[in-house]
Every structure is written in C-alpha cells, then in structure tokens.
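Colleague: Dropping a structure here in structure tokens format, bear with me for questions.
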Amino acid sequence: MNLCEIVQARLAPDEKCLVCIDGVDGSKLAVSLAIVERRGDRALFIFNNQRVPPVRGSDLSLQKVYPVDLDLKCLAAHEHNISIQSGKDNLKFDIPRNPSTHDFFVQLKLAKDLYSQSAGFGLPASFSWLDKYRDQLSKESNSNPFANDIFDPLGYMKINESGPKKTAASKSKSLILPKSGSNNSLNSLTVSRERSPHRKKSPSRTKVKSTIAKSASKESLDDLDSNSEIVETLGEIQKQFGLAVGVPPKENFKPGTARDTLIEYFLHDRESEFTDIQHLSVFCGTWNVNGKLPPDSILEWLSVDTEPPDIYVIGFQELDLSNQAYIFSDSQKEVVWQEKVEECLHPKGRYREVKLIRLVGVMLLVYIKEEYYSHVRHADCDMVATGILGVMGNKGGVSVRIQIHNTSICFVNCHLAAHQDEIERRNQDYRDIEFKLRFKQFLPPLTIREHDIVFWIGDMNYRISDLDINEIKDLIAASRYKELVMFDQLTKQLGKTDVFRGYSEQAIKFQPTYKYDTGTDDWDTSEKCRTPAWCDRVLYKGRGIEPKVYRFHPVLKISDHKPVSSLFKVEIKVVDPKRCKKVYEDVNKMLDRLENDYLPQVELDHREFFFGEVKFIESQQKDLTVMNTGQVPVTYEFINKLDDRNFSKPWLKVGPNKSVIVPGNKVVISMEVYIDKNNVGDLNSGKDTLSDILVLHLHGGKDFFISFLFLLLNDVSTVYGTYVPSSFGCSVEALVQMHGPIREVPVATLLDLEQPGSLSKVDVAATGGRLYSVPKEIWRMVDHIWRYGRHQDDLFQQPGLDMEVQQIRDCLDTGSPDLLPGSIHSVAEALLLFLESLPEPVIPFPFYQSCLECVNNYLLCKQIILKIPECHRNLFHYLISFFRELLSNAEHNNLSIKSLASMVGEIILRAPPSMSSNASRQLRKSEDLKRAAFVYHFLTSEDYDE
Amino acid sequence: MSGLQRPPPGGGSGRPGGGAQQMKLVLLGDQGVGKSSLALRFVRGDFREDQEATIGAAFLTQTVNVQGKNIKFDIWDTAGQERYHSLAPMYYRGAQAAIVVYDITSTHSFEQAHSWVKELQKETGPDVIIALAGNKVDMAAETRAVMKEEAEKYAMEHGLFHLETSAKTGYNVQNLFQTLAQEIIRNDYVVTQTRHRIVTTADLLGEQSYPRRRTCCS
Ligand SMILES: Nc1nc2c(ncn2[C@@H]2O[C@H](COP(=O)(O)OP(=O)(O)OP(=O)(O)O)[C@@H](O)[C@H]2O)c(=O)[nH]1
Ligand SMILES: [Mg+2]
C-alpha cells in the first residue's frame, strides 16, 4: 500500500486522498501530509507516523486538519524545508525532494486556486465535514506533541471574525476587499502598495464574479490581495461608460467591444497626429544586497549625476535572506531599505512614490518627480514566482507599469536562477515572468510586451563561460571588457534566441559586478572561488529610448554584488486634447461609414406582385429574385408582422423562406398563390382578402416590404388581378339563397349572403321565397352522377382530373354549359371537394361532438339530425338518399358500404378547427371509425325515411 | 511591439470615452416628407433629389459624441406610404427615440405628424423621446404651408422638441440628432436593444456577437 491508500483507509467514503507525502516535523518526528478532497473542498491533513514507514491506517495518528482556504499558506524556504501556516499555527517540516513532493505542491496550489475561484463565484466552501475529525484529534492528541492545539474548524474559517476570510465568505454582500496595512495576513508573501490619487472605492457589486474568477488565474499562492484593485478598476470602467454612481450597471454592458478595440487600434495608428513629444530621464538601478542592511549612504549609487532624473526605478534582490522572509511580508529590511532609498534620492529633485512591490527578496521601487505625478495613470503591479518548484518566491520577477501621458512604460525587476551552468533555468525563468505576468487592472489583463517601453533590470545571474577564470581576471585587469563580453551568457543570447527578444543593452564598460568578498573590491576568495560575472543588468525595449550611461558603483561594498545603474532619455507622448478629439471623431466617422458599407445589401427584382384572376384550386406561381449586392453574406428571412403567427396568409406559399446568400449571388424565392378548401371559405365570406404584405428581413440590416395586390372584381376601375369567387367554399345558407350562377351575383350581395344568420332574414317578398332545398350546384352534380354514372365502375374510388375539376367548377360558377364537362370520376371528385370546402360542414361543427358520442344508438343519431339547421338537414337527407340509391346499384358500380360510409363520414362530419390539430393519431383513428359508424346507420337502416 | 494598446480603464489620456451607448431611433412621417433624406444627410452627408420611396424599413447606424460620451444610433427609416402604416409598430416598439417628420410645405403631412405623435404617445412608454422635424425648410420662401409658430406651439403642448430642418442644405440636421443624443444622456437612458437587428463591428470582424438582452427601462 502506498501512503495515499493508507490515508484513504482513515477517511469517510466520500472523501478522497489526493496526494500524500512523508516528512519530519519540527520535533524531528515522522509525519505524513495529505491533501484530502470532499465534493470539491479540500483540506490538509497532518498525521503523526506511529510506525515508520506506516503500513496501515492505524499507524497514522491525526495531528492537524486545515481547510485549504485563503488562510492556509505553504511556504518553502528551501526545497526540503517548508512551513505551513494557518491561523495562529506555524508548523515547519522537512520533506524529501522527490516527484511526489512536487505533486503535493501542485495539488496544494490547485486546491488554493479552486478555493478562491469557488469563493469568487459565491459558493463558499463548506468544511463542516471536518468536524468529525475534531473528536479524533482530541482523542489522539494524548500521543502527540501538539496536544495543546485543539482543532477548531470554525476558528480556522474565522466565521465570526473580521478579516480577509470573512470577505471571501460574504462576497455577495460587499466586494471591497479590505486592503488594510501590514497586519493583513493575505499580504504575507507579497506587498504592493500604491499611493496614487485616483484610488476610489467603487461599489460595483455585479462584477464580483468575474473579478474573483480572474484572480484564480494568479500565479503565486498568496497574492489575492490585488483583487481589490481589479474591483476598483471595474468601478472606473463603469464610470467611464457614463454610469452614475448608484446606477446599476447595464445588463448588456460589455467592456471592450470589437468597435472599441478598433477605435483604439486606429487611434494608436494615428497617435502622432495628436501627440507631442516630451522627454523624461529615467534612472534604472539594480543591486543584489545579499541580505545586508543598508550602509549609511547610497547616494553614491542613486545620486551621482548632476541633474536629478525624472523617474527612479530601483530594484533589489536578496533584500532578505532569512527564512522568515519567505513567510512574513512585513520584513524589517524592506522598511529600512526603502527609507534609505528615499533619503538618498537626488537632493535636487522632489519625488513621490508610484509603487512598491516585493516578492520575498525581490523588490522594485518606482518614484517620479512631483511635477509629473499627476500625469501618471493606471499604475499597476504584478509578480511571478519562479523559485523552488516553480511556485515559491525566492526567485522570480516583480513589475510595475505606469502610463505617463499617452506612453505606457513597464519596469521589471527579476532575480533569475543562479549557478554557472543553469542557463536554461534562467531562460525558463525569464519566459515564465514574461508570459505569466499580468496587470489585472486591465480587461483583459495586460502583458509586459503590450507596453511602449520596457525596462528590465535585475540580478539575471548570467555568467561568463567558456573561459578560464584566470584569463577572465586578466581581461578584467586590462579593462578589455569588449572581448570579455563575448563570453557573457546573456550577451550571447540577446538577439539570437527567443530569450529577451527585442531587448537591448548598453555597452558594458565596467568590470563584473559579482562576486566580491564583502566589504572589499576583491574577487571571491572563498572555497568556491566563483568566477566573476556581470550578473546585474539593465535591459530596455521600445521606441524613443536614448541610453545615456551604464555603470557600476564599486564604492558600495556591503554586498558580494556591486550596484549597477543606467540612465535613459525617453520620449513621452503628450496628447493634445483638441487634436485628439478631432482624430477620434474622424475614426468614429470612418467606422460608421465602414459599418454602413458592410451592412447587408440586396436588390429585389419585385417589390410588388400583381396576380391575374386567381381561382379556387388553381395555383399561380411567381418568382422573387434576391441578389446580394453588398460585401457580406446575407441571411434573409421572412419575419412575422407584429403579433401574427405566420409571416404570410395561408393561401400564400413562400420558399425558401430563409436562406443565406453570398455576395454576388442570388436566390430565387417562389411565391405561390393557391386557394384550397381550407382557406376558400374565408375568402368567400370576406373574412380574408387576397392581399398581403410580406416582411423580408436581412439579418443585421434592413427590411423590405413585398406586397401582393389583388383587387376584388367589380371593385375598381383598374383591375390588376382578382380573386374570382366560387361557389366552392360558399356556405350552405348562402347557396340555397343564391339564384343564378355565382359569377352573376354582385360581390356586395355575396358578402351579405355570407353574413351569419342571413337565412333567417331572407326577405321572402323580395326573393319570392324561393329557397333551394339543397344548393343547386350540389343538385347538379348529384343529378349528373345519378343520370350518367350510377352504373360506373369504381364510382367514388377513382380520382378525377384536375383540369376537369376546374372546368366543372367554372361550369357551376358560370351556369354554362348545361351539361357538366369531364368524366364521372371528375364530377364525383368535384362533389366531394365541394362538400369539403363548405365552411360549415353538412353536419355543422357544434354537433360534431354529440354525433361521435351517440354512434352506438341510431335513434339518438336521428335526433341530432333533427336539431341541425334545416338547410343542412335537407342537404344531409338528400345526400344520404343519393348514396343509398347508389348502393342499391352496387353490383355495377362496385361501391362497398364500408368504404362509402367512411368516406362520407369524413366529409359531412368534420372536427371543428379548434379541435382537429392537436388530436393524437390514435384518437383520430378512433374518430374516423365513429364517423363512419354514424353514417353507416343511415346508409343501411331498414327504416330510413326522410 | 504589438502596436495595439488596450483601452485603459478610466479613460485616461484625455481622449473621449470608449464604449458607446446603443440607441434605437425610428423615423416616422408621411410619405415624401424626407425621412430617408434626413437619415442619409446625417449618416452620409449626401442628398438626392431623386430619393426613392422607402418600401420597408432602412437601417443605418451613426455615432455621435456628446459631452465626451458616445451615442450610437441604430436608425430605422420607415416607409411613409399609408398602406404600410400598420407595420410601423414593428419599428417603433422598443425604440428610445423617434423623429416625427413633416414637410413644411404640406399641411396634410403636418396633420399626419399629429397622428403619429398621438400613436407614439399611446403605444410606447413615456420615456421615448420624440422630436418633431419640419423638413424642407429650404423651400420656406416660396411654398411654406405650416407656420413655424404653429408647429412650435403644438410641440410645446405635447412635450416634444421641434426643429425646422432641410435635408437638402443640411440645415439643422446634425443639430437634430445631436439634441436627441443630449436629451438621452440627460435622461440617463438605459440601453434597450432589440434582439436581432444590430450590426456591430463585431459582426464585421466575424466575431461571434454576444447575446444581447433586452433591458427594461422604467
Ligand atoms: N427641397 C427639399 N427636398 C427634399 C428635402 N428632403 C427630401 N426632399 C425630397 O423629397 C422627396 C422625398 O424624400 P424622401 O427622403 O424619399 O422622403 P421619405 O419621407 O423617405 O418618403 P417615404 O420613404 O416614401 O416615406 C425626394 O425627392 C427628396 O429629394 C428637403 O429638405 N428639401
Ligand atoms: Mg423614405
């Protein structure tokens, strides 16, 4: 069993040991450190090993349990020596250096990242599952040397205390992370102070999630502190976008839309049109102080020039070498060194601190002359630890960035991996800093390379190689630096590899700055006898930088390194607001033009469609050609008008109703007008008219209206086209009143006849009371079939011809010729179509349901028929008699009673439109059977009489 | 150097603010009063004697800068012909601002403008800013039919702001839109966007446009 499995044996089933390492604690007792997970929350378990190595669960006695939260810190002074801090506890362990140790750190770091992430999403971790171990602890504590430490999870989570922990738990309420001074335990490893004047607490609660989520990407373990800066930044962005304080941010607010990016791009492109150049001098100094306290004066380093520089960039390495420095941030040395620096800045200048940032021993200080201070904006800082196991802070880089007027400048101070042969480690450290460092005030966070000017200083630790130490010393003695530099590892890299790509360095005209016997100018005389090297360097990158001097300051002897400094004159772009506004407006105008040019554009060959005479069941089709004349692909779509359910009337079929057209191409859309039995009724009754407007919408662009124009016959002087009313689709009521063929009836009269209840208002005197008992059109078809077709084979079973059906329609509507044209089958089909087109079926809709309910009882069926309106009843009996007669001729026409019953049932008994659509298939089938049964009674009954 | 500088937060560097507020604006009015001409004058700076009648709704976009803030107008220029009247609500729904245009040489168009104002005030919220524009003022000398005082009185009574404009000469056109933008800023309007009708540079760049949600202004 490996350690992990042994620990697992001690855990609840839903808890999992992710990784476990063994080590030795401060009292030299063997311990096991395990990271345990339960539902995404992780905790650090520390066991005392009762047997070494442990072989089963009982060999481990629980000593400590810490939730992995913001409060827990793990710091490594050396790779084999770590300390764990949480709350008041501070435990030290020696651990072996092996792959599982690395795993352990990776897991721990991940656990912390996850914690801050989920806390950021407002999902406070729940560590109540650790409670049960509390009892264990007290039991087992007898046998361990930490008996006095009582496990108190609530205490560790500081539920009731103020402080950073509480902030994490209560983020939904407030998002200003306290950024109090040095007693903020979050600051333990790092310090970043800012004294810029534009800091304001801005409550912007809705942004908290993204803010905190961002922080999860941070590289070092303990730098969550800078969250508050991001939060503030968001506040500023909101201000910028015109949101008054207290106004909730817009839901659709999104910083940095593509347009904004483009504006920035073009503005940057045309920067020279609205900026003037101003020159500032920059002093860059770097010194590895080897953990020493400052000497009385460092004027010899910082103030050797006659004129005071405008900006001071001062980097230290190995500020604090004590183990403590890896753990606590409020390093005494930081304070004394900073005081010394401030004391020794050029006496002729008055300076203000812009930023101070420190990662363990790597500290960067930036000062600017008072007079320029107000022009500094968006000062930000970040750090990347590259030290032990790639996460600890004993090596790494810190950076400060500022913007002065319109020029962005980034300063990096680094301490890269040591040792003569570790070139690749140093290169890797450089890459880590370059790629991981992010100024999170910006959205998305800004990288080092996105600055106009970069100064990169520090103890880069590159050595002189491929040359014997004595030769090196000889060359130095002869001041032949030019030759010696050829052997400098960094010089070899510059410009030739991807390391420090784009960076330059002034010519080195001073002797190596490392390694001296402390307090002297003598080369290292220790046992190791280190080869001299230019460890301490100043590199720069960007436009408008004029290097002035590059030197070392051997007078300062406290360290094994000599301090280095370099002076530059840099160009600062100063914006002229008037010219800027003009360019800005220009750019906006150009973008507007661009946007309008890139709107989808199409040409249509028709905006209006005129149709000729449109008749029942006679399709007419026309084409609409849509040509993409713009510069971008177009998606067109017919869209619904206002609250309509469909984009067109039911008699208009459009296809394709949506499609994509690439520039220069076209699509032909078919527009078909077809009046069928479903929509003819509304047209006859005037509920619908044959006109429509379609809205053709281009996605992201304009709309076109396409009109369909039809004018009713007799209505106007110019007739573009018209719907020709047909007896098909007229109501039984209208038909029995209608004398003469429908084409001879004035439209107005037709509409009157179609008015509901028109039959009861019939002016008997005027019409002579002449009502047809059944519609004459039906009579004509029935009579025709009876006369010429009752012996016809397959009557009602063979389809007719469309052409002939249309001719029959015309004959019925116009009254001529006397004899119906076409075959018997076409007449039979016309009859069925006629019945199907009746807006109200033979048995009107309101009776549909009761008919279905009484199909088992013929008497009840008959009673329903008695209740339907007279004209419908007459028609019903007429049709039933007709079909009974046909059945009596079945030996000739092959009519089967069953198929006839179901066919007739379907036509004379139709479900109300409101019901028909949503019935299931099974239900519909059973309805079909019932309808057939209903008709069957009447067709077969012995006692049928009218 | 990447050459691309990210917009810093806080709008430093003395340059006008970055993000634009999007604004739906609709042009309404009788046919031939010059709605399309006004929109084109504003967006492109041209004028056409033979401007064809709008059959549908044209879409244009233009940004104005007021007091350092950007207002991006999404302009819907509608069809004035009576037979399309019933479709107008498709375009004024969800708009934050409307320009009702009449032709100062036509009393009929002025009467039509009244009915547009009435409809707008009935169908849209009280927050919609309405401008009344008397267009074709270049023809005032010969054929004026609607007196300026009369229109101003009407505007006053109905809480609109009124301007006489000429799409032909450009007179007051910039002013018209600029004043609208100012009004909008003054009222601190919350952006309202309709779902599917906005083209941004994001679309130009082929970037996926993010879902836009409708916000409600109260
Ligand atoms: N003199 C003069 N003519 C104008 C002016 N504005 C528009 N016109 C002309 O008036 C006619 C109609 O202009 P449009 O812009 O098409 O009018 P519209 O309001 O868009 O019309 P619809 O699209 O049909 O609603 C065109 O011939 C224009 O050239 C103006 O300010 N002065
Ligand atoms: Mg127009």
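Colleague: Round to the nearest 0.05 the FRET efficiency obtained for A:Thr525 and A:Ala418 when R0 = 22 Å and r is the Cβ-Cβ distance. Before the final figure, lay out each step's value.
Modeller: Working: r = 19 Å, r/R0 = 0.87.
Once rounded, the FRET efficiency stands at 0.70.
Colleague: If you don't mind, there's one more thing I want to ask. With a 1.4 Å probe, what is the total accessible area buried between chains A and B, in Å² rounded to the nearest 100?
Modeller: Numbers: alone 43140 and 12260 Å², together 49370 Å².
When A and B are taken together, about 6000 Å² of accessible area is lost.
Colleague: Still on this structure, I have one more. Taking 0.36 nm per residue of separation and subtracting the Cα-Cα distance, what length does fully extending A:Asp802 through A:Asp676 add?
Modeller: This chain segment gains 44.1 nm when fully extended.
Colleague: Ignoring solvent entirely, what values of log10 I(q)/I(0) come out of the Debye formula for region A:602-720 at 0.14, 0.17, 0.19 Å⁻¹ when each Cα is a single scatterer?
Modeller: For the requested q values the scattering log ratios are -0.63, -0.87, -1.04.
Colleague: Is any residue of region B:93-112 close enough, with backbone N under 18 Å, to a label point placed 7 angstrom from the Cα of B:Phe161 along the Cα-Cβ axis, and if so, which?
Modeller: B:96-102
Colleague: Could you work out what % of the accessible surface of region A:443-563 is carbon and sulfur, using a 1.4 angstrom probe and leaving DNA, RNA and ligands out of the count? Walk me through the intermediate numbers first.
Modeller: On the way: 2570 of 5140 Å².
Taking all protein chains in place, region A:443-563 shows 50 percent carbon and sulfur surface.
Colleague: Here is a follow-up. On average, how many beta carbons from a partner chain sit within 10 Å of the beta carbon of a residue in A:595-603? Write down the numbers at each step before the final one.
Modeller: Details: counts 11, 8, 1, 4, 7, 3, 0, 0, 0.
Per-residue shielding by partner chains comes out at 4.
Colleague: Distance check, please: which entries in A:Lys73/A:Lys292; A:Lys333/A:Lys482; A:Lys369/A:Lys492 exceed 32 angstrom between their Cα atoms? Before the final figure, lay out each step's value.
Modeller: Working: A:Lys73/A:Lys292 27 Å; A:Lys333/A:Lys482 37 Å; A:Lys369/A:Lys492 37 Å.
Long pairs (Cα-Cα over 32 Å): A:Lys333/A:Lys482; A:Lys369/A:Lys492.
Colleague: I need the semi-axes of the equivalent ellipsoid of region A:391-469: take the C-alpha gyration tensor, multiply each eigenvalue by 5, square-root it, list largest first in whole angstrom. Intermediate values should be presented prior to the final figure.
Modeller: Details: eigenvalues 162, 39, 17 Å².
Equivalent ellipsoid semi-axes, largest first: 28, 14, 9 Å.
Colleague: Something else about it: Rounded to a whole number, what is D in µm²/s for region A:503-617 from Stokes-Einstein with the Kirkwood radius over alpha-carbon pairs (4 °C, 1.567 mPa s)? The partial results should precede the final answer.
Modeller: Values: Rh = 21.4 Å.
Estimated diffusion coefficient is 60 µm²/s.
Colleague: Turning to a different aspect of this structure: Would you list A:Arg809, B:Arg44 from the most to the least accessible area, probe 1.4 Å? Intermediate results must be reported in sequence, preceding the final value.
Modeller: Values: A:Arg809 0, B:Arg44 70 Å².
Accessible-area ranking of A:Arg809, B:Arg44, largest first: B:Arg44, A:Arg809.
Colleague: Moving to a separate point now. Where the only charges are on Cβ atoms (+1 Lys, Arg; -1 Asp, Glu), what is the dipole of region A:267-575 about its Cα centre, to the nearest 20 debye? Don't skip to the end; give the middle numbers.
Modeller: Values: 40 positive and 47 negative charges, 98 e Å.
Dipole of region A:267-575, to the nearest 20 debye: 480 debye.
Colleague: What nm distance separates the two modelled labels at A:Thr306 and A:Thr689, each placed 7 Å from Cα along Cα→Cβ?
Modeller: The answer from the label model is 9.7 nm.
Colleague: With all protein chains present, calculate the accessible area of B:Asp50 using a 1.4 Å probe and round the result to the nearest 10 Å².
Modeller: 100 Å²
Colleague: Under a 5 Å amide H to amide H cut-off, with H placed in plane at 1.01 Å, what residues pair with A:Asn894 once short-range neighbours are removed?
Modeller: A:Asp794
Colleague: Restricting things to alpha carbons, tell me how big region A:267-575 is in terms of Rg and Dmax, in Å.
Modeller: When restricted to the Cα atoms of region A:267-575, Rg and Dmax are 18.6, 62 Å.
Colleague: Rounded to the nearest 0.05, what FRET efficiency do A:Ser760 and A:Glu613 give with R0 = 41 Å and r taken as the Cβ-Cβ distance? Could you check? Intermediate results must be reported in sequence, preceding the final value.
Modeller: Numbers: r = 34 Å, r/R0 = 0.82.
Using R0 = 41 Å, I get an efficiency of 0.75.
Colleague: Continuing with the same structure: Hey, what's the Kirkwood Rh for region A:1-107 if you take every pair of different alpha carbons, in angstrom?
Modeller: 13.8 Å
Colleague: In debye, nearest 20: dipole of region B:21-191 around its Cα centre with unit charges on the Cβ of K, R (+) and D, E (-)?
Modeller: Numbers: 17 positive and 22 negative charges, 93 e Å.
With Lys and Arg at +1 and Asp and Glu at -1, about 440 debye.
Colleague: If I stretch the segment between A:Asn470 and A:Leu751 completely, what's the gain in nm (0.36 nm per residue apart, minus their alpha carbon distance), one decimal? Could the numbers behind the result be given before it?
Modeller: On the way: separation 281, 0.36 × 281 = 101.16 nm, distance 11.85 nm.
Working it through step by step, the gained length comes to 89.3 nm.
Colleague: At a Förster radius of 56 Å, what calculated FRET efficiency corresponds to the Cβ-Cβ distance of A:Phe435 and A:Thr625, to the nearest 0.05? Mind dumping the intermediate values first?
Modeller: Values: r = 54 Å, r/R0 = 0.97.
With R0 = 56 Å, the Cβ-Cβ based efficiency is 0.55.
Colleague: P(r) of region B:21-191 in 10 Å steps, Cα pairs, percent per bin?
Modeller: Percent of Cα pairs in each bin: 11, 43, 38, 8, 0.
Colleague: With all pairs of different alpha carbon atoms counted, what Kirkwood hydrodynamic radius in Å does region A:840-946 show?
Modeller: Values: mean 1/r = 0.0707 Å⁻¹.
Computed over Cα pairs of region A:840-946, the Kirkwood hydrodynamic radius comes out at 14.1 Å.
Colleague: Describe numerically, in nm with one decimal, the distance between label points set 7 Å from Cα along Cα→Cβ at A:Glu870 and at A:Asp276.
Modeller: A separation of 10.4 nm, rounded to one decimal place.
Colleague: Contour minus end-to-end for A:Asp643 and A:Asp605, with contour as 0.36 nm per residue of separation and end-to-end as the Cα-Cα distance?
Modeller: Values: separation 38, 0.36 × 38 = 13.68 nm, distance 2.80 nm.
Full extension of this stretch gives 10.9 nm more.
Colleague: Which residues' amide hydrogens lie under 5 Å from the amide hydrogen of A:Leu18, considering only partners 5 or more residues apart or on another chain, with H built in the peptide plane?
Modeller: Here the answer is A:Ile35, A:Val36, A:Glu37, since their amide H atoms fall under 5 Å of that of A:Leu18.
Colleague: Using protein chains only and a probe of 1.4 angstrom, how many square angstrom of A:His697 are accessible, to the nearest 10?
Modeller: Taking all protein chains as shown, A:His697 has close to 0 Å².
Colleague: Need one number: nm distance between label points at A:Lys666 and B:Arg144, each 7 Å from Cα along Cα→Cβ, rounded to one decimal.
Modeller: Here the modelled spin labels are 4.9 nm apart.
The values are calculated or read from the model by the stated rules, or taken from the named source; none is laboratory data. Predicted, not measured: the structure shown is a model, and the values here were computed from it. Cβ: placed from backbone, ideal geometry, glycine included. Neighbour counts: every protein chain shown. Ligands, DNA and RNA are stripped out before the accessible areas are found, and what is left, the full protein with its side chains, is counted by its heavy atoms. Shrake-Rupley method; radii C 1.70, N 1.55, O 1.52, S 1.80 Å.
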